[in-house]
Amino acid sequence: MESGLMHHVALWLAAFLTLGIFSFLYRDNTWYKVCEAIFVGISAGYWFVAYFWDNLYTKFWVGVWVTPMADRPDDWYVLYVGAALGILMLLRLVPKVGWISRWPLAFIVGATAGLYLVTYFASNVMLQIEDTVRPIFGAENDAPIYEIIGNIVVAVGTFTGLIYFFFSKEHRGAFGRAAKVGIFFLMITFGASFGYTVMSRMSLLIGRMDFLFSDWLKLIK
Amino acid sequence: MLFRVAIAFACLFIIAGVAGQPAGDTALAVQQTIAPVTSLIATNHEYDNGTGIDLIWVPSIDDRLAPSRVTGYEVWRSVVGGSGSRIAELPAGANKFTDEQCSRESTYVYSVVAISVAGNAVSISTAPIQPAREWINLHRLNLLAIAFLVSAAVIYFIQSARSGKKLFVRKIAGLDAVDDAIGRATEMGRPILFIPGIQDMDDVQTIAAITILGRVSRVVADYDTKIKMPVSRSLVMTAARETIKASYMAAGRPDAYNDDMVSYVTDEQFGYVAAVDGIMVREKPATCFYLGAFFAESLILAETGNSVGAIQIAGTAMPAQIPFFVAACDFALIGEELFAASAYLSNEPKQLGSLKGQDVGKAVALVVIVVGTMAATIGSAWDVTFMNQLWSALKVVFQTN
Amino acid sequence: MRRDIPLLITGIAGVVFIVQYFIPHFPFNRFSNWFSDWFSIVAACAIWLGALNLFKLSLEKIHARREGWGYAVITIVCFLLMTVVGFSEGRDYSKVGTGFDWLYNYVYSPLSSTMFAILAFFVASASYRAFRARNFEATLLLIAAFLVMLGRVPIGDLLSGFMPPGMRLSQLATWIMQFPNTAGQRAILIGISLGIVSSSLRLILGIERSYLGGD
Amino acid sequence: MTEALVVTGTNLGVVISLALIAGGVIWLLVRSLKGKEVERRVIFGFVLIAVSAPILFPITFHEQISPVVKAVFDKIESLPAGSTVAISFDFDPAMAPEVQPMANAFTRHCFAKGHKVVFLSIWATGQSLLTSTLDTVVRREFPEKRERIDWVNLGYKAGNQGVLNVIVSDLRKMYPTDVNAVPLDSIPMLAEVKAFRDLSLILAVGGGFPGPKEWVLYVGDPGNVPIAAGAAAVTAPQLYPYYPRQLIGILGGIKSAAEYESAMVDKYPQFDSVDKPGLRMMGPQTLAHMVIMMFIIIGNIVFFRSKRMRSQL
């Protein structure tokens, strides 16, 4: 791969940065601050470059200029709309007309609101309801008992959980008790997700430790 | 739809008829070659922009022998007045195909070739067909109807609230704490930190965060508290500045506003978190708001905020991150509460009316869940026809595609 | 005027993007693709605003010799290094073997994965601090988390080894994830989507307008 | 049950680190009983020891394979030798510790069964991780397997699910050449593979977007190809709805990777000597989980203690 020296420099650099970030756990210190400054600079630069080449150049410039006419999709010209919105956005740099940048912003907000409204309605409300509506047990009664209990739990949990989210009705009486059961279900959900995630998070730390012990210090083969 | 059913029935009859023939006949007739596919029909693909044509056919009889003598099918298309070409290869047993590469200007003729080791058999060509495009996707009509119902409820309650009808809205603990939390920062002389998530303005959670920022910064402007808002997206920076500026103007203190209240850090998730963590331990904010779309950084932020003794109010609609906020923050807005927050904080009747509207949606969901589960259980356990019909009707209504 | 035009734009865009979902006919069938293209172009333009802001704040800090100005120098140098290398590599800037790729692999990536790994420590401190049986709700959270964690490691099955197969802790953990967890997630998801419907409507109808700023 | 917990690794280091943790926990407990809060850094210290000690002095458990994982194992076992299988590397360095062990185990399994493997990635960040699997597993452990005859590296293509949408019906349209610019038409092992729907199995390793879910929606369902997922533990629950109809099996997180490695060793003893990061990481995982559960217990002792003390006042 790389020459020996370059590889060593790379390893030591990566180790220096790794330990610098870890040092934050003890307390804020100069080493961490240096790593933080490097991180912000390098990553902001990364995205600046990536946005330029991937979006402005590859998407817009290539789309309206480089690609030969015959190979273009029939709606290539709409890319100009994007560029126009982008330029309006950049007018923010000119104090006198900076307010025009609200137009592209308003467009983005409106389009996002419209898109989310229908897609979330379709994929979450409709689909989740459809999934909840299922028999608790079937004709043959061959479903194992844990599954039957599970199905009841899903139906009751979804029902009471939704009741908890009601805003315009006071949580009192039977309704209040149902909402209370709902919050119990939510809490079990949160606990379970938390416990389940621990393994993922630990893996990341193990990965870093592995780098320090084996790649850098070569303590293990 | 009816037409399709008719075709399907026709095919079934043909299969049944063919299968019913004496076996000896076909065995004698087809020594070397194989039989072609039959009943090939081309129809317009419904509800598209005029690019699709559906093909359906009855597989070659030899495909039904075991082991099948047919190894696969080829679909050929020719433009009327032009040349033909092979557009697809399908495995044995296939009986339908959708050609999605059509042009509305052309008329097509299709044929299907059954392939075997011994030789190929070409079917009779379809009648010429031209794809059509439709204006409305009727498959989504159910979605349109239900979405319309819920939206109408929201708009109705907004209107009725406008006309002065009193509305009850339950307490949301995290939002009742907002004023106190800002007041605390003022007393301590420390800044408040507002983190609008790490997504851009094309995420509705970020937009919700910015609308809440509008209410929060209004209080901040009134109290003359310091607000710090590092962001990870440039568009969010622009929108947040507009929002805070408007709040300061509304509070009658435009001079106190400063663009540096909002600063861009970096688009990178963890680079941003590293910087925000640094800001937290150095400036020791009295109150932290984490509202918007969050990923793994949720717990890093919440634990660091806790270590500097900040009051933390969080809210997200990312199901995977809500548990961390619930566990590690003082107040957490769970899912839907994030979207209700700006309406709740505004305390304007028309905004609160929209909350009542979305409750109608929940009521519909509750009824469907109860009725549907009962129908499905009774229907399948005791085989009650009416219940089964009700169950499948509900399934159809809530199906999306 | 400065406020009415943007409100009109939001409303029209919102309605159009709802309607496009139901219309397969050109040009509606392309709208969502167009929007994602447009958005990526706008975001690529807007990052200039962000980068200039980062520069401005850092330079001000350095100029005034404010506390920590040295770190601002490091940030600017790193930013410039990355952009100069990135632009000089051309459009294949991220190909394996380029200088940009080297910086990505040995600077960006270790920093990013270490920051991510720090989360493991915070999971532990949050468990210690937050999982306390303050009330019934908190106790449920605690028990669910405890059981699922136990079920995910071999120790869990060792402890419950006396139970008949099918009722061991690992299976219990799976059951919790499969049923109660599904119920909670579903309620949350349905709620969120209805919340989105109503807040999107508020935006489209122009009732919610704080994001647009003042006059 | 005895079989599920065969602990190997019996050196002094294990004993010392376990003693260290046990002693520390007792010390913590005593302190807590005296009603003192524990500082965060102490907790961090415990996590550090619990994770690093088993890395330095490996402890491994034998994992019992669960049905969702076994389904994948059995599928690869049941394919006739010489079938063509694709492994997609759709992850980044941050996710790699969790999912790369799965990709490596899949690779070994496919080669051990004599299958042909198509490697690719639809994540830009996946290319270098794919290269590292080729270097450390394919070229080192299977030098007899020849590139473009037994395996091929298609590399990365930008376009997310758009790529999948195309390759399901036409591979050459998206990938005219492999990563070394060799035209696909001149690659012997791909002579029969015109599209991804011609494959016998696709192993989608990843966890973000696009990931296994997109493979199911854009390739598995329309192309009628069996798909198996190797996913990060965080995203695995979201894949369960697709099992077993649309996904033949799911590996979720490092635990499943360890189970798979255990199954591999049982079936193919020759792999006992290779690096098994899944099993290796289960040691630190187990210890870390135990330490965290200890903290929950101690945290509650502190809490009840202080509550009682308050009520006595």
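Search region A:202-216 for residues being over 25 Å from the mean Cα position of the chain (by Cα) and aliphatic (A, V, I, L, M), and hand back the single one that is surrounded by the fewest Cβ atoms within 10 Å (Cβ to Cβ).
If we filter region A:202-216 for residues that are over 25 Å from the mean Cα position of the chain (by Cα), which is where we start, we get A:209-216.
Subsequent filtering for residues that are aliphatic (A, V, I, L, M) retains A:209, A:212.
Values: A:MET209: 23, A:LEU212: 18.
Per the criteria, the residue is A:LEU212.
Within region C:163-190, which residues are facing chain A (nearest Cβ under 9 Å), not in a helix (DSSP H, G or I) and not hydrophobic (A, V, I, L, M, F, W, C)?
Correct list: C:GLY166 only.
Of the residues A:PHE185, A:PHE194, only one is at the interface with another protein chain (Cβ under 7 Å from one of its Cβ atoms), buried (at least 24 other Cβ atoms within 10 Å of the Cβ) and under 30 Å from B:ASP202 (Cβ atoms); which? Give the steps one after another, and end with the answer.
Values: A:PHE185 fails: under 30 Å from B:ASP202 (Cβ atoms).
Just one listed residue meets the conditions, A:PHE194.
State yes or no: is D:VAL138 assigned to a helix (DSSP H, G or I) and either closer than 13 Å to D:VAL179 by Cα or touching a helix residue (DSSP H, G or I) at 6+ places or on another chain (Cβ under 8 Å) (or both)? Full working, then the answer.
Details: assigned to a helix (DSSP H, G or I): yes; either closer than 13 Å to D:VAL179 by Cα or touching a helix residue (DSSP H, G or I) at 6+ places or on another chain (Cβ under 8 Å) (or both): yes.
Answer is yes for this residue.
Being part of a helix (DSSP H, G or I) and over 24 Å from C:LEU111 (Cβ atoms) narrows it down to one residue among D:ALA81, D:ALA105; which is it? Please lay out each step first, then the result.
Working: D:ALA81 fails: part of a helix (DSSP H, G or I).
Among D:ALA81, D:ALA105, only D:ALA105 is part of a helix (DSSP H, G or I) and over 24 Å from C:LEU111 (Cβ atoms).
For region D:8-60: of the residues being touching a strand residue (DSSP E or B) at 6+ places or on another chain (Cβ under 8 Å) and more than 25 Å from A:PHE22 (Cβ to Cβ), which is nearest to the other protein chains (Cβ to nearest Cβ)?
Filtering first and then ranking leaves D:THR60.
Are any residues in region B:323-339 buried (at least 24 other Cβ atoms within 10 Å of the Cβ), among the aromatic types (Phe, Trp, Tyr) and more than 9 Å from chain C (Cβ to nearest Cβ), and if so, which ones?
B:PHE325
Checking the condition out of contact with any Pro (no Cβ under 6 Å at 6 or more places or on another chain), crowded, with 24+ Cβ neighbours inside 10 Å and farther than 30 Å from C:ALA133 by Cβ, which residue from B:GLN358, B:GLN389, B:GLN399 passes?
B:GLN358
Restricting attention to region D:222-242, which residues are surrounded by fewer than 18 Cβ atoms within 10 Å (Cβ to Cβ) and farther than 17 Å from A:THR197 by Cβ?
The answer is D:PRO222, D:ASN224, D:PRO241.
Give the residue that is surrounded by the fewest Cβ atoms within 10 Å (Cβ to Cβ), with candidates limited to residues of region B:70-113 that are assigned to a loop (DSSP other than H, G, I, E, B) and either among the aliphatic types (A, V, I, L, M) or not assigned by TED's automatic domain parsing to the domain that holds B:ASP54 (or both).
Per the stated criteria, the residue is B:VAL80.
Restricting to region A:27-51, name every residue that is among the aromatic types (Phe, Trp, Tyr), modelled with pLDDT of 95 or more and over 14 Å from B:GLY271 (Cβ atoms).
A:TRP31
On the given criteria, is D:GLU261 assigned by TED's automatic domain parsing to the domain that holds D:VAL168, crowded, with 24+ Cβ neighbours inside 10 Å and among the charged types (D, E, K, R)?
Working: assigned by TED's automatic domain parsing to the domain that holds D:VAL168: yes; crowded, with 24+ Cβ neighbours inside 10 Å: yes; among the charged types (D, E, K, R): yes.
Taking the combined requirement at face value, the residue satisfies it.
Residues that are in a helix (DSSP H, G or I) and more than 30 Å from D:ILE21 (Cβ to Cβ): does region D:41-63 have at least one?
So far as region D:41-63 goes, no, none of its residues is in a helix (DSSP H, G or I) and more than 30 Å from D:ILE21 (Cβ to Cβ).
Taking the residues in region B:340-354 that are more than 13 Å from B:LEU167 (Cα to Cα) and facing chain C (nearest Cβ under 7 Å) as candidates, determine which candidate is surrounded by the most Cβ atoms within 10 Å (Cβ to Cβ).
Residues of region B:340-354 more than 13 Å from B:LEU167 (Cα to Cα): B:340-342, B:345-346.
Then keep just the ones that are facing chain C (nearest Cβ under 7 Å); that gives B:340, B:342.
Values: B:ALA340: 29, B:SER342: 26.
For region B:340-354, the residue satisfying everything is B:ALA340.
Would you check if D:LEU190 is over 16 Å from the mean Cα position of the chain (by Cα) and more than 14 Å from every other protein chain (Cβ to nearest Cβ)?
yes
When the residues of region D:111-135 are narrowed to those that are in contact (Cβ under 8 Å) with a residue 60 or more places away in the chain and in a helix (DSSP H, G or I), which ends up nearest to D:ALA204 (Cα to Cα)?
That would be D:GLY126.
Please determine, by comparing only the residues of region B:245-268 that are within 9 Å of another protein chain (Cβ to nearest Cβ), surrounded by 19 or more Cβ atoms within 10 Å (Cβ to Cβ) and assigned to a helix (DSSP H, G or I), which one is farthest from the chain's Cα centre (by Cα).
Only one residue tops the list, namely B:TYR248.
Which one of C:LEU111, C:LEU81 is part of a helix (DSSP H, G or I), without any contact (Cβ under 8 Å) to a residue 40 or more places away in the chain, buried (at least 19 other Cβ atoms within 10 Å of the Cβ) and at the interface with chain A (Cβ under 9 Å from one of its Cβ atoms)?
C:LEU111
Take the conditions within 13 Å of chain C (Cβ to nearest Cβ), more than 16 Å from the chain's Cα centre (by Cα), farther than 28 Å from D:GLY206 by Cα and of a type in the set (Val, Ile, Thr) and apply them to D:ILE298. Does it pass?
yes
Check C:LEU147, C:LEU142, C:LEU158 and return the single one that is more than 8 Å from chain A (Cβ to nearest Cβ), part of a helix (DSSP H, G or I) and farther than 30 Å from B:ARG215 by Cα.
Just one listed residue meets the conditions, C:LEU158.
Conditions: (1) within 21 Å of B:ILE129 (Cα to Cα); (2) at pLDDT 85 or above; (3) not in a loop (DSSP other than H, G, I, E, B). B:ASP62 meets all but one. Number of the miss?
The failed condition is (1).
Take the residues in region D:229-259 that are in a loop (DSSP other than H, G, I, E, B) and more than 18 Å from D:PHE106 (Cβ to Cβ), then tell me which one is nearest to the other protein chains (Cβ to nearest Cβ).
Out of the qualifying residues, it is D:VAL234.
What residue, of B:ALA275, B:ALA286, is crowded, with 22+ Cβ neighbours inside 10 Å and in contact with a Phe, Trp or Tyr (Cβ under 9 Å, 6 or more places away or on another chain)?
Working: B:ALA286 fails: in contact with a Phe, Trp or Tyr (Cβ under 9 Å, 6 or more places away or on another chain).
Step by step, each of B:ALA275, B:ALA286 is checked, and only B:ALA275 is crowded, with 22+ Cβ neighbours inside 10 Å and in contact with a Phe, Trp or Tyr (Cβ under 9 Å, 6 or more places away or on another chain).
Give A:PHE213, A:PHE159, A:PHE190, A:PHE167 a once-over and let me know the one that is free of Cβ contacts under 8 Å to residues at least 40 places away in the same chain and under 12 Å from C:ALA187 (Cα atoms). Break it down stepwise before answering.
Details: A:PHE213 fails: under 12 Å from C:ALA187 (Cα atoms); A:PHE190 fails: under 12 Å from C:ALA187 (Cα atoms); A:PHE167 fails: under 12 Å from C:ALA187 (Cα atoms).
After applying the criteria, what remains is A:PHE159.
Residues that are among the hydroxyl-bearing types (Ser, Thr, Tyr), closer than 30 Å to D:VAL193 by Cβ and touching a residue at least 24 places away in the same chain (Cβ under 8 Å): does region B:58-67 have at least one?
Looking for residues that are among the hydroxyl-bearing types (Ser, Thr, Tyr), closer than 30 Å to D:VAL193 by Cβ and touching a residue at least 24 places away in the same chain (Cβ under 8 Å), one finds at least one in region B:58-67, hence yes.
Go through the residues of region B:163-174 one by one and say whether even a single one is over 30 Å from B:VAL262 (Cα atoms), among the β-branched types (Val, Ile, Thr) and within 12 Å of chain A (Cβ to nearest Cβ).
Pass one, region B:163-174, residues over 30 Å from B:VAL262 (Cα atoms): B:163-171.
From what is left, the residues that are among the β-branched types (Val, Ile, Thr) are B:169.
Next cut, within 12 Å of chain A (Cβ to nearest Cβ) only: B:169.
Yes, because at least one residue in region B:163-174 is over 30 Å from B:VAL262 (Cα atoms), among the β-branched types (Val, Ile, Thr) and within 12 Å of chain A (Cβ to nearest Cβ).
Of everything in region B:192-211, what is more than 9 Å from chain C (Cβ to nearest Cβ) and under 16 Å from B:ALA246 (Cα atoms)? Give them in sequence order.
Answer for region B:192-211, where residues must be more than 9 Å from chain C (Cβ to nearest Cβ) and under 16 Å from B:ALA246 (Cα atoms): just B:ALA209.
What are the residues in region B:203-233 that are surrounded by fewer than 22 Cβ atoms within 10 Å (Cβ to Cβ) and closer than 25 Å to A:ALA113 by Cβ, if any?
The initial filter retains those residues of region B:203-233 that are surrounded by fewer than 22 Cβ atoms within 10 Å (Cβ to Cβ), namely B:203, B:215, B:218-219, B:222-224, B:226, B:228, B:230.
Listed by number, the residues that qualify are B:ASP203, B:ARG215, B:ARG218.
Look at B:ARG162 and say whether it is within 28 Å of the chain's Cα centre (by Cα) and either modelled with pLDDT of 90 or more or surrounded by 13 or more Cβ atoms within 10 Å (Cβ to Cβ) (or both).
no
The values are calculated or read from the model by the stated rules, or taken from the named source; none is laboratory data. Remember, predicted model here, so these are calculated numbers, not experimental data. Every residue, glycine among them, receives a Cβ derived from its backbone with ideal geometry; neighbour counts consider all protein chains shown.
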